[in-house]
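Peer 1: Once you've had a glance at the structure underneath, I'll fire off some questions.
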Amino acid sequence: MSALYQYPSQTALKRVIPKTRIYDAAGASTALRERFVREVDQIVWTHKLAPETLNLPATAAVPELQVFRVTLKGDALHDDILRAIGRAIPFPVLFELVAGAQIQAAAAFKRPSDAAAGKWVVSEHLRGAWVDRDAPREALPVAVSLGSLYDRVLSALTPVEVRAGEDTETRLARLAQIKAKEREIAQLQSKLLRENQFNIKVTLHGQLAEARAEFDHMKTPKGAGEGKT
């Protein structure tokens, strides 16, 4: 799913955001500023999704959602840039990344910190597929609040099946575990290719089988396969 939406006209802003404003608000290092210069052509605040523009109630964690379009100079954008923009904006941000004739959605789970007022807890950024800029867009997901809308957008970007009763933060923690298990499997496969001793290869095969079983369990929605004989 591309997770690119047709936002209602009353939410449109189309305000160009100077990169210097992001630098200052995010406390960007010299290296990060240089990355902005290399990779970013323009940042536009395209839409504001708020109670007064979308007629959906705010939640404590999601009082508003902002949509930013970032036009790239090349065909890649480092996550550090998305993180910097996210730090500079005191609301969750939905991104649209534009590279030539292609566009990609991106977003991170962002919530207020329980430990420090005014701080945010932010996950790694999730990205959708690259599609043509003029490809048809989807209607916004049906939601009862800005918080549930945000959850549905993030779910569309998350490359694992949603488990019943699983909230966004738990799902993203599971995704991180899946990625870690993928790395573990790759390392075990590499060791197997290099190992010549039979007894060690047997041990590695066992470890690999166990890791693959754990990987499959992490990816499978709860309840799948239950009741089968």
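The values are calculated or read from the model by the stated rules, or taken from the named source; none is laboratory data. Worth saying up front: this structure is predicted, and the values here are computed from it rather than measured. Every residue, glycine as well, gets a Cβ built from its backbone with ideal geometry; the counts of neighbours run over all protein chains shown. These accessible areas exclude ligands, DNA and RNA; they are computed on the full protein's heavy atoms, side chains included. Shrake-Rupley method; radii C 1.70, N 1.55, O 1.52, S 1.80 Å.
Peer 1: How much length would be gained if the chain were fully extended between Val202 and Ala31, taking 0.36 nm per residue of separation minus their Cα-Cα distance, in nm to one decimal? Don't jump to the answer; show the numbers that get you there.
Peer 2: Numbers: separation 171, 0.36 × 171 = 61.56 nm, distance 4.69 nm.
So the chain would gain 56.9 nm between Val202 and Ala31.
Peer 1: Still on this structure, I have one more. Taking the 0 to 90 degree range and rounding to the nearest ten, how far is the long axis of helix 146-157 tilted relative to the main principal axis of the chain, both from C-alpha atoms?
Peer 2: 50 degrees
Peer 1: Same structure, new question: Pick from Ala84, Ala143, Ala101: which is most flexible by mean-square fluctuation in a GNM of the chain where alpha carbon atoms under 10 Å apart are linked?
Peer 2: It is Ala101.
Peer 1: I would also like to ask the following. How much net charge surrounds Thr59 when only the other residues with a Cβ under 12 Å from the Cβ of Thr59 are counted, with Lys and Arg +1 and Asp and Glu -1?
Peer 2: Residues near Thr59 contribute -1 overall.
Peer 1: Assuming a ≥ b ≥ c are the square roots of the Cα gyration tensor eigenvalues, decide whether segment 11-128 counts as rounded (a/c under 1.5), prolate (otherwise, with a/b larger than b/c) or oblate. Walk me through the numbers before you get to the answer.
Peer 2: Numbers: a/c = 1.79, a/b = 1.28, b/c = 1.40.
Cα axes put segment 11-128 in the oblate bin.
Peer 1: Ok, one more. Quick check on the chain: helices-only [θ] at 222 nm, where DSSP H runs of length 4 and up contribute -39,500 (n - 2.57) each and the sum goes over total residues. Nearest 500, please.
Peer 2: My calculation for the chain gives -13000 deg cm²/dmol from helical runs alone.
Peer 1: Any chance you could tell me what percent of the C-alpha pair distances in segment 52-193 go past 27 Å? Could you put the intermediate results ahead of the total?
Peer 2: Values: 2842 of 10011 pairs.
Counting every Cα pair in segment 52-193, those more than 27 Å apart make up 28 percent.
Peer 1: State which entries of Lys73/Lys110; Lys14/Lys119; Lys19/Lys73; Lys14/Lys110 exceed 25 angstrom in Cα-Cα distance in the structure shown.
Peer 2: Lys73/Lys110; Lys14/Lys119
Peer 1: Something else now. Quick check: residue separation of Ala61 and Val162 times 0.36 nm, minus the Cα distance between them. What number comes out in nm?
Peer 2: Taking 0.36 nm per residue and subtracting the Cα distance, the gain is 34.3 nm.
Peer 1: Relative to the longest principal axis of the chain, what angle (0 to 90°, nearest 10) does the C-alpha long axis of helix 79-88 take?
Peer 2: Taking the Cα atoms of the chain, the angle to 79-88 is about 40 degrees.
Peer 1: With a probe of 1.4 Å, find how much accessible area segment 5-77 has per residue, and write the answer as a whole number in Å².
Peer 2: 52 Å²
Peer 1: Out of the total accessible area of the chain (probe 1.4 Å, heavy atoms of protein only), what percent is carbon and sulfur?
Peer 2: Result for the chain: 53 percent of the exposed heavy-atom area is carbon or sulfur.
Peer 1: Before I look further, what does segment 96-218 give for accessible area per residue, probe 1.4 Å, in whole square angstrom?
Peer 2: Numbers: 7110 Å² over 123 residues.
With all protein chains present, segment 96-218 gives 58 Å² per residue.
Peer 1: A further question on this structure: Give me log10 I(q)/I(0) at q = 0.11, 0.16, 0.20, 0.26 Å⁻¹ for segment 122-206, Debye formula, one equal scatterer per alpha-carbon, no solvent.
Peer 2: -0.52, -0.78, -0.99, -1.27
Peer 1: For segment 1-44, what log10 I(q)/I(0) values come out of the Debye formula at q = 0.18 1/Å, with one point per alpha carbon and no solvent?
Peer 2: -0.70
Peer 1: May I ask you to evaluate 6.51 cos²θ - 1.76 cosθ + 1.60, the Karplus curve with θ = phi - 60°, for each residue of segment 15-28 and list the ³J(HN,Hα) values in order in whole Hz, giving x for glycine and proline?
Peer 2: 10, 6, 9, x, 4, 4, 5, 5, 3, 5, 5, 8, x, 5
Peer 1: While we're looking at this one, here's another question. Find how much the distance from Arg137 to Arg83 grows on full extension, using 0.36 nm per residue of separation minus their present alpha carbon separation; answer in nm with one decimal.
Peer 2: Full-extension gain reported as 16.9 nm.
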